[in-house]
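K.L.:
Submitted below is the structure of interest, expressed as structure tokens.
The values are calculated or read from the model by the stated rules, or taken from the named source; none is laboratory data. The model shown is predicted, which means the values in this text are computed figures rather than measured ones. Reconstructed Cβ throughout: ideal geometry from the backbone, glycine too, with neighbour counts over all protein chains shown. SASA here: full protein model, heavy atoms, side chains in, ligands and nucleic acids out. Shrake-Rupley method; radii C 1.70, N 1.55, O 1.52, S 1.80 Å.
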Amino acid sequence: MKILRHEEFEEGCKATCNGPYDGKWSKTMVGFGPEDEHFVAELTYNYGVGEYRLGNDFMGLTIQSSKAVSNAKHLGWPLTKLEEDLYLTHAPGGYPFYLVDKDQPLGDPVQKVCLAVSDLQKSIHYWSTLLGMTVMDRNEQKKTTLMGYADTQCKLELHDISGPVDHGTAFGRVAFSCPRNQLPDLEALMKKENQKILTPLVSLDTPGKATVEVVILSDPDNHEICFVGDEAFRELSMVDPQGNELLNVAMAADKSEEWFAKHNRQKAAA
């Protein structure tokens, strides 16, 4: 993946983009290409937090890339072979990644994101009937359902774990862009259906960049879902050629590890 853009913030986001933390934080967007055509991961870093407790909510990201598999082998990164052409690995924070050992497709190599649910039928109803996703595949044996908005986009896989979903303290969310004029109607539908709205329609400012409008929802298992107005988002999400440099500068300036070591203290665990 490539660094697409990097931004620093002095205080917590009013839409809790960085979780329920009020201090200085940053976000780094990484992906295989521009955000208007690819799935992109938003990595948030809260300067005062040294560790998060993972739950069972995020079950993995599946990427089709033989290059990723060869990179992992070359670096000695732990890989577990699950079946022919499929490997499991984990990011430094413990998040699972599934790597398909095949040539990268011409489009987005990120194939799907898998989320745990406690009641598959209830979740399918929410994501399809209310949010308009199409059911593309079902696997009764594995208790999974694959959904999406288009064949060319990254898919969402819901996996019934037959028990409660624990979000830990990492507070991830899934985000989609849509025409800005759809946001009020989406919010109104959720109110009518008595569904949880975490953040009613609000404008979010990024210094020197576009102001975007978002509505943030919560599904039956409290997975956070952000819908952002596409018009402003396309301006905000343009690839920043200085993104990698800005990230390197920020990491070099972050002396938190040294500060905590000097004071014989540990960073807080969320």
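K.L.:
For the range 90-192, what is the accessible area per residue in Å² when the probe is 1.4 Å? Walk me through the intermediate numbers first.
P.N.:
Values: 5590 Å² over 103 residues.
Each residue of the range 90-192 exposes 54 Å² on average to a 1.4 Å probe.
K.L.:
Follow-up. Suppose R0 equals 35 Å; then what is the FRET efficiency for residue 195 and residue 85 from their Cβ-Cβ distance, rounded to the nearest 0.05?
P.N.:
Working: r = 39 Å, r/R0 = 1.12.
After rounding to 0.05, the efficiency reads 0.35.
K.L.:
Measuring from centroid to centroid over Cα atoms, what is the spacing of the range 82-123 and the range 2-62 in Å?
P.N.:
Distance between centres, Cα-based: 19 Å.
K.L.:
What pairs in 112/143; 67/102; 155/191; 24/255; 73/155; 24/267 have C-alpha atoms more than 19 Å from each other?
P.N.:
Violating the 19 Å Cα-Cα cut-off are 155/191; 73/155.
K.L.:
While we're on this one: Over the C-alpha atoms of the range 136-225, what are the Rg and the largest Cα-to-Cα span, Dmax, in Å?
P.N.:
That works out to 15.6, 50 Å for Rg and Dmax.
K.L.:
If the cut-off is a Cα-Cα distance under 20 Å, which aspartates and glutamates reach residue 196, setting aside same-chain residues fewer than 8 apart in sequence?
P.N.:
Result set, ordered by chain and number: 57, 119, 166, 185, 187, 213, 219, 221, 224.
K.L.:
Still on this structure, I have one more. Name the long-range amide H neighbours of residue 176: under 5 Å, sequence gap of 5 or more, or other chain; modelled H, no Pro or chain starts.
P.N.:
Amide H neighbours of residue 176: 226, 227, 228.
K.L.:
Name the residue farthest towards the positive end of the dipole of the range 64-105 from the options 77, 96, 66, assuming +1 on Cβ of Lys and Arg, -1 on Cβ of Asp and Glu, about the Cα centre.
P.N.:
77
K.L.:
A further question follows. Among (i) 58, 47, 32; (ii) 75, 59, 25; (iii) 53, 46, 37, only one was calculated for this model; which label is it, if the read-out is Cα extents along the principal axes in Å?
P.N.:
Given (i) 58, 47, 32; (ii) 75, 59, 25; (iii) 53, 46, 37, the structure-derived one carries the label (iii).
K.L.:
May I ask for the percentage of alpha-carbon pairs in the range 67-151 that lie more than 17 Å from each other? If you can, show how the numbers build up before the last one.
P.N.:
Details: 2131 of 3570 pairs.
For the range 67-151, the fraction of Cα-Cα distances above 17 Å is 60 percent.
K.L.:
A further question follows. Tell me which cysteines of the chain come out unpaired when the rule is another cysteine's Cβ under 4.7 Å.
P.N.:
114, 154, 178, 226
K.L.:
Within 10 Å, at most 15 other Cβ atoms, and a DSSP state outside H, G, I, E, B define an exposed site. Report the longest part of the chain free of exposed GluC sites (Glu not before Pro). Display every interim value, and only then the final one.
P.N.:
Values: sites that count: 10, 11, 37, 84, 140, 193.
Formally, the longest exposed-site-free interval is 194-270.
K.L.:
Nearest 20 debye, what's the magnitude of the dipole of the range 110-201 about its Cα centre given +1 on Lys and Arg Cβ and -1 on Asp and Glu Cβ? Before the final figure, lay out each step's value.
P.N.:
Details: 11 positive and 10 negative charges, 27 e Å.
Dipole about the Cα centre, nearest 20: 140 debye.
K.L.:
Hey, another quick one. What's the extension gain from residue 266 to residue 209 if we count 0.36 nm per residue and subtract their Cα-Cα distance?
P.N.:
Values: separation 57, 0.36 × 57 = 20.52 nm, distance 3.53 nm.
Full extension from residue 266 to residue 209 adds 17.0 nm.
K.L.:
Okay, next question. Rounded to a whole number, what % of the accessible area of the chain do carbon and sulfur atoms account for, probe 1.4 Å? All intermediate terms of the calculation are to be shown ahead of the outcome.
P.N.:
Numbers: 7760 of 15100 Å².
C and S atoms contribute 51 percent here.
K.L.:
Under 19 Å between alpha carbons, and skipping anything fewer than 8 positions from residue 192 in its own chain: which lysines qualify?
P.N.:
Partners found: 122.
K.L.:
A follow-up question, please. Please report the relative contact order for the range 207-268, taking Cα pairs under 8 Å with a sequence separation of at least 6, and give it as a percent rounded to a whole number. Before the final figure, lay out the partial values.
P.N.:
Details: 36 pairs, mean separation 14.9, N = 62.
Once divided by the residue count of the range 207-268, the mean separation gives 24 percent.
K.L.:
Here is a follow-up. Along the charge dipole of the chain, Cβ charges K/R +1 and D/E -1, which of 228, 134, 165 sits furthest on the positive end?
P.N.:
The residue sitting farthest along the positive end of the dipole is 165.
K.L.:
Which residue fluctuates the most in the chain, going by a Gaussian network model with Cα springs under 10 Å, if the choices are 155, 112, 73?
P.N.:
Sorting by GNM fluctuation, first place goes to 73.
K.L.:
Right, another one. How large is the helix-only mean residue ellipticity at 222 nm for the chain, computed as the sum of -39500 (n - 2.57) over DSSP H runs with n ≥ 4, divided by its residue count, in deg cm²/dmol to the nearest 500?
P.N.:
On the way: 6 runs with 50 residues, N = 270.
Here the helix-only value at 222 nm equals -5000 deg cm²/dmol.
K.L.:
What distance in nm separates the two pseudo spin-label positions at residue 9 and residue 67, each 7 Å out from Cα along the beta-carbon direction?
P.N.:
Between residue 9 and residue 67, the label points sit 3.1 nm apart.
K.L.:
Could I get the Rg over Rh figure for the range 1-100? Both from C-alpha atoms, Rh via Kirkwood, rounded to two places.
P.N.:
On the way: Rg = 15.6 Å, Rh = 15.4 Å.
Ratio value, two decimals: 1.01.
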